[in-house]
1. Looking only at the stretch 103-122, how many residues end up being under 15 Å from the mean Cα position of the chain (by Cα) and free of Cβ contacts under 8 Å to residues at least 24 places away in the same chain?
2. Do you know which residues across the stretch 101-112 are crowded, with 16+ Cβ neighbours inside 10 Å and out of contact with any Pro (no Cβ under 9 Å at 6 or more places or on another chain)?
3. Here are some conditions: (1) modelled with pLDDT under 95; (2) touching a Lys or Arg at 6+ places or on another chain (Cβ under 9 Å); (3) closer than 17 Å to S61 by Cβ. G112 meets all but one. Which one does it not meet?
4. Filter the stretch 76-90 down to the residues that are of a type outside the set (G, A, S), in a helix (DSSP H, G or I) and surrounded by fewer than 16 Cβ atoms within 10 Å (Cβ to Cβ) and list them by number.
5. List the pairs whose first member sits in the stretch 125-152 and is in a loop (DSSP other than H, G, I, E, B), whose second member is among the acidic types (D, E), and whose Cβ atoms are under 7 Å apart, counting only residues at least 6 apart or on separate chains?
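The values are calculated or read from the model by the stated rules, or taken from the named source; none is laboratory data. Just so we're clear, the structure is a prediction, and the values are computed from it rather than from any experiment. When we count neighbours, we look across all protein chains shown, and the Cβ atoms used for this are built from the backbone with ideal geometry, even at glycine.
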Amino acid sequence: MLSLAQMEVKIMDQGYWLARKRSSVASARRATSSEARLIHYDLAGRYSVRAAAAKDEATCSEAQLAALIPRFYARVRHDSLIGPVFNDAVADWDSHLARLTAFWSSVMLTSGRYKGNPIAAHLRHLSVITPPMFDRWLALWAEVTGEFLPPAAAAAMQCKAAHIAESLKLALYFRVEPGARPQSGPAAAAS
């Protein structure tokens, strides 16, 4: 399984090529000879093609999501650690799978189809959700996305899931003591 840093590097490939393109265009504009301008614009075009390819590799389709989500949650439902929590919490799996497909469509494709509040949904089950369950969910997610999607798309989805899991854990478990003051500077670094 790729680390979070490795996943972020794969996703940044598109940004890298776009930055190279912008740099080449800027160099072309500053060039003093037509030959130099031509070389830099040619490079910019090549970098643009690379950026588009990187984006396409890291993108999944609605059809892939519609097939992936039920496959993943079938595995979740049979997992000894997190399966019981999901099976107790979800009464209508067809509706839940449609909602989760809309969620991932919104996350990965910016479709805006999901209308909900994941934090509120998880807070309702706080008494039975433990931090290790997030790790198990992520491990299953990595397995299924890795089996089902092209590597760059799987890495992109795994990276997004890891960030979402971290946000959910912070929302569920992080609490500041009443009256506590945030520390900054050298004293905070030493503690």
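1. Going through the stretch 103-122 one residue at a time, the tally reaches 3.
2. From the stretch 101-112, those crowded, with 16+ Cβ neighbours inside 10 Å are 101-105, 107-108; that's our starting set.
Passing the criteria: A102, W104, S105, V107, M108.
3. (2)
4. Residues of the stretch 76-90 of a type outside the set (G, A, S): 76-79, 81-82, 84-88, 90.
Filter once more, so that each one left must be in a helix (DSSP H, G or I): 76-77, 84-88.
R77, P84, N87, D88 - these are the residues of the stretch 76-90 that are of a type outside the set (G, A, S), in a helix (DSSP H, G or I) and surrounded by fewer than 16 Cβ atoms within 10 Å (Cβ to Cβ).
5. P150/E57
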